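Worksheet: one structure, shown below.
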Amino acid sequence: MTLSPDIANLERLYATGETTPEEVVREVYARIAARGDQPDWITLVDEDAALERARNAPPGPLYGMPFAVKDNIDVAGLPTTCACPAFAYTAEHSATVVDLLEQAGAILIGKTNLDQLATGLNGTRSPYGIPASTFDPAYISGGSSSGSAVAVAAGLVSFALGTDTAGSGRVPAAFNNLVGLKPTKGLISTHGVVPACRTQDVVSILALTVADAAKVAAVACRYDEADSYARVAAPPFAVDAAPRDLRVGVPGGPIPFFGDTAYESLYRAAIERMAGLGAEIVTIDYAPFEQAAAMLYAGPWVAERLAAVEDLAGRDPGAIHPVVRGLLLGARGRDLQRLLRACRVDPGLRTRMGEDGSHAAAHGRHHLHHRRHTGRAGDAQYGPRRLYELCEPDGSCRLGRARGLPPRWHPFRRDADRSGFVRRHARLSWRRAA
């Protein structure tokens with residue numbers, strides 16, 4: 001069967017009766033088998049189970065659309081490995097975003113390969129094999145959402161979920177001629193997603209067209225109370241014509257291409273094409289972006305990656321890919337690791353603050369005060385930006401929410417305008433329960 005799995009095409013075929021979800025799923029598994037032993041997948045849903053799902057798919061905006069998820073996203077009854085067998089476990093519940101997609105009629109085909117622990121941008125750091133570019137097996141697929149990108153680009157699924165902390169969804173999408181959508185943090189729930197860098201992680205969408213990505217996003221973007229970074233009232237995604245006054249920013253100054261003249265030529269050609277389409281090309285100062293990116297792999301945020309898997313790193317460091325292990329263990333001793341540990345809520349700890357923001361009580365050695373622009377919790381400094389990250393859009397606190405505490409017991413509360421700046425800083429304290 002010659003079949004393009006893009007959503008618009010399948011919607012048309014279903015509407016005219018030219019095919020059915022069951023027939024599409026059979027074709028998907030036939031294509032997977034025809035590709036042979038490829039390292040694109042870590043776990044496939046049993047074909048009979050997928051066919052049963054296709055026969056009983058609920059009507060919805062994604063009715064009959066086959067999809068894949070990166071194997072750091074939970075699916076009930078299937079293993080979650082993060083491309084690290086020693087880390088693997090069988091998920092009891094699906095991630096919120098997977099539930100939403102299946103409720104909309106989408107049909108899960110399987111879980112895809114990735115750079116181990118979602119750490120990498122090339123797609124080569126997995127014990128399950130190295131997915132290759134769909135254009136030339138001599139080239140990498142990009143990562144860390146390598147398998148998800150290849151599954152979509154090879155026509156095996158209509159779309160796939162990846163994750164994107166520092167480019168892990170957009171890089172493999174670009175390398176395989178796909179659309180890679182990284183929504184604003186909090187629009188798609190990360191509940192049920194193994195964290196790489198918890199405060200920066202985003203679930204991404206890899207699709208064949210912009211319209212397909214927007215359609216999936218319309219289903220996936222839902223406020224989820226279980227997600228500490230959830231955003232309320234997400235704006236709808238829409239596909240509009242490019243504005244006539246489109247301005248495209250490109251980095252100013254020299255750009256390192258590391259001797260790859262072909263890559264440099266394609267980059268220059270892309271800019272010229274944009275200009276030819278009427279866009280205004282403007283140069284930007286790229287230095288701040290470069291500095292921010294460096295924080296994720298060469299700066300303090302590496303400590304957060306280590307915090308996510310520190311039990312495994314301490315128990316069996318040899319189970320981690322050498323490159324990933326070197327990166328993670330290099331974060332030991334960084335100040336941020338102490339900060340992240342300080343932010344964890346101990347089971348014996350209770351927090352309290354009055355509804356008016358006044359100081360309620362403080363007992364034991366766990367004290368936190370925030371006045372003006374700084375605060376202290378043990379040795380950890382909390383400035384306005386950090387306090388904002390701990391606050392929820394409804395004014396509650398993710399630490400309190402994680403413990404299931406009522407809002408009046410939450411250690412951090414806020415009032416924030418739409419620009420996201422903290423407008424009120426209260427004096428706060430921790431207390432240890434008796």
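Return yes or no: is PRO172 within 28 Å of GLU47 (Cα to Cα) and either surrounded by 24 or more Cβ atoms within 10 Å (Cβ to Cβ) or basic (Lys, Arg) (or both)?
In short, yes.
Suppose the filter is surrounded by 24 or more Cβ atoms within 10 Å (Cβ to Cβ), β-branched (Val, Ile, Thr) and touching a residue at least 60 places away in the same chain (Cβ under 8 Å); does ILE188 pass it?
yes
With the condition kept exactly as written, say whether any residue in region 271-290 is among the small types (Gly, Ala, Ser), at pLDDT 90 or above and closer than 30 Å to MET65 by Cα.
For region 271-290, residues among the small types (Gly, Ala, Ser), at pLDDT 90 or above and closer than 30 Å to MET65 by Cα: absent.
Going by what's in this entry, would LEU108 be described as surrounded by fewer than 24 Cβ atoms within 10 Å (Cβ to Cβ) and of a type in the set (A, V, I, L, M, F, W, C)?
It is true that LEU108 is surrounded by fewer than 24 Cβ atoms within 10 Å (Cβ to Cβ) and of a type in the set (A, V, I, L, M, F, W, C).
Among the residues of region 238-253, are any at pLDDT 90 or above, under 10 Å from the mean Cα position of the chain (by Cα) and either under 29 Å from SER4 (Cβ atoms) or not assigned by TED's automatic domain parsing to the domain that holds GLN103 (or both)?
The answer is no; no qualifying residue exists.
Mind listing whichever residues of region 55-69 are touching a residue at least 12 places away in the same chain (Cβ under 8 Å) and more than 25 Å from CYS221 (Cβ to Cβ)?
ARG55
For the subset of region 125-156 comprising residues that are crowded, with 20+ Cβ neighbours inside 10 Å and of a type in the set (Val, Ile, Thr), which member is farthest from ALA220 (Cα to Cα)?
Checked region 125-156; the qualifying residue farthest from ALA220 (Cα to Cα) is THR134.
Could you look through region 23-78, keep only residues that are aromatic (Phe, Trp, Tyr) and crowded, with 22+ Cβ neighbours inside 10 Å, and pick out the one that is nearest to GLY192 (Cα to Cα)?
Among those that are aromatic (Phe, Trp, Tyr) and crowded, with 22+ Cβ neighbours inside 10 Å, it is PHE67.
Within region 207-214, identify whether any single residue is assigned by TED's automatic domain parsing to the domain that holds ALA33, assigned to a loop (DSSP other than H, G, I, E, B), over 24 Å from ALA83 (Cβ atoms) and among the hydrophobic types (A, V, I, L, M, F, W, C), and answer yes or no.
Looking for residues that are assigned by TED's automatic domain parsing to the domain that holds ALA33, assigned to a loop (DSSP other than H, G, I, E, B), over 24 Å from ALA83 (Cβ atoms) and among the hydrophobic types (A, V, I, L, M, F, W, C), one finds at least one in region 207-214, hence yes.
Can you tell me which residue is farthest from PRO243 (Cα to Cα) among those in region 259-279 that are in contact (Cβ under 8 Å) with a residue 24 or more places away in the chain and under 31 Å from the mean Cα position of the chain (by Cα)?
So, considering only residues that are in contact (Cβ under 8 Å) with a residue 24 or more places away in the chain and under 31 Å from the mean Cα position of the chain (by Cα), the one farthest from PRO243 (Cα to Cα) is MET274.
The values are calculated or read from the model by the stated rules, or taken from the named source; none is laboratory data. A quick note: this is a predicted structure, and the numbers were derived from the prediction, not measured. No Cβ is skipped: glycine too gets one built from the backbone with ideal geometry, and neighbour counts run over all protein chains shown.
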